[in-house]
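Here the structure comes first, spelled out in structure tokens, and everything after it is commentary.
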Amino acid sequence: ETGVTQSPTHLIKTRGQQVTLRCSSQSGHNTVSWYQQALGQGPQFIFQYYREEENGRGNFPPRFSGLQFPNYSSELNVNALELDDSALYLCASSEPGQGARYGYTFGSGTRLTVV
Amino acid sequence: QQQVKQSPQSLIVQKGGIPIINCAYENTAFDYFPWYQQFPGKGPALLIAIRPDVSEKKEGRFTISFNKSAKQFSLHIMDSQPGDSATYFCAAPHGTASKLTFGTGTRLQVTL
């Protein structure tokens, strides 16, 4: 299967709840990054995973956490949801050693709404 | 701290026109400048990119112009088509994680 697949596509949660978003990276890509895109804004880097370990983090609080699995798929977990967490969450994968310099492949994202 | 400033926020051009989107950066450590195109309901897709040792790069109807001394770069879309209507983001990668710092985006509408 080619491309980056994210699930679910849409999600509505209540403030204070916890959420898990999932990502299957493109075949052959072992690096996964997560971005948050608020409405009308550019994506903001959350963190990156390489070989199942966090490999860099943006300015997001610890309640944002992640995992990468041996098959390179990944999860983004957000605890104690706040209204400002409402956004499109994008997963991006890249080839070994390429990273952002040669182009991520982005998924279509998960639209999270916190009410 | 916004490290990549993008303008305009939105742009409307007629078919065949040449929209120009500008970006300015502050961090001289940036060494690669990609542009991403995003359609509604989709993730961003790499469109074209340039390195700072090159002043211009063309790929099809898309051209990047780069001014290193001014720390600015711009995207030109020649003979724009309605199918080019999308949001365009400039970006710059940096750091060991090669994270991308994106501009705020330009929403382009190409009318008939």
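Here, each number is a calculation from the coordinates, and none is a lab measurement. On a predicted model such as this, the values are computed, not experimentally measured, just so you know. Cβ coordinates were reconstructed from backbone atoms using ideal geometry, including for glycine residues, and neighbour counts include every protein chain displayed.
GluC sites (Glu not before Pro) within region B:1-59: which are DSSP loop residues with at most 14 other Cβ atoms inside 10 Å? Walk me through the intermediate numbers first.
Values: sites: B:26, B:56, B:59; in loops: B:26.
Here the sparse-neighbourhood loop sites are B:26.
Here region B:42-96 is treated as a Stokes sphere of Kirkwood radius computed over C-alpha pairs; at 25 °C and 0.890 mPa s its diffusion coefficient rounds to 194 µm²/s. Computed extension gain for residue B:68 through residue B:85, at 0.36 nm per residue and net of the alpha carbon distance, reaches 3.3 nm.
Between residue A:79 and residue A:5, the FRET efficiency estimated from the beta carbon spacing at R0 = 30 angstrom works out to 0.80.
At a Förster distance of 45 Å, what's the computed FRET efficiency of residue A:18 paired with residue B:53, Cβ-Cβ distance as r, to 0.05? Intermediate values should be presented prior to the final figure.
Working: r = 47 Å, r/R0 = 1.04.
Between residue A:18 and residue B:53 the formula returns 0.45.
Between A:14, A:105, A:31, the Gaussian network model of chain A with springs among Cα atoms under 10 angstrom shows the greatest mean-square fluctuation at A:14. May I have the pair-distance distribution P(r) for the protein assembly as shown, computed from all Cα-Cα distances with 10 Å bins from 0 and rounded to whole percent? Taking all Cα pairs of the protein assembly as shown, the binned fractions are 8, 33, 35, 19, 4 percent. For residue A:27 and residue A:39, the difference between the fully extended length at 0.36 nm per residue and the C-alpha to C-alpha distance is 1.4 nm. Straight-line cross-link partners of residue B:42 among the aspartates and glutamates, defined as a Cα under 15 Å from its Cα and at least 8 positions apart when in the same chain: B:84. For the pair residue B:111 and residue A:53, a Förster radius of 45 Å applied to the C-beta separation gives a FRET efficiency near 0.40, rounded to the nearest 0.05. Under the rule that an exposed site lies in a DSSP loop and has at most 15 other Cβ atoms within 10 Å, name the longest stretch of chain A with no GluC sites (Glu not before Pro) of that kind, not counting the sites themselves. Free of exposed loop sites, the longest segment is A:2-51. Under 26 Å of direct C-alpha separation, and excluding same-chain neighbours fewer than eight residues apart, residue B:71 reaches these lysines: B:5, B:57, B:58, B:99.
Can you give the Rg to Rh ratio for chain B, taking only C-alpha atoms and Rh from Kirkwood? Mind showing how you got there, number by number?
Values: Rg = 13.4 Å, Rh = 14.1 Å.
Taking Rg over the Kirkwood Rh, I get 0.96.
Comparing mean-square fluctuations of A:40, A:58, A:16 from a GNM of chain A with C-alpha springs under 10 Å, the top value falls on A:40.
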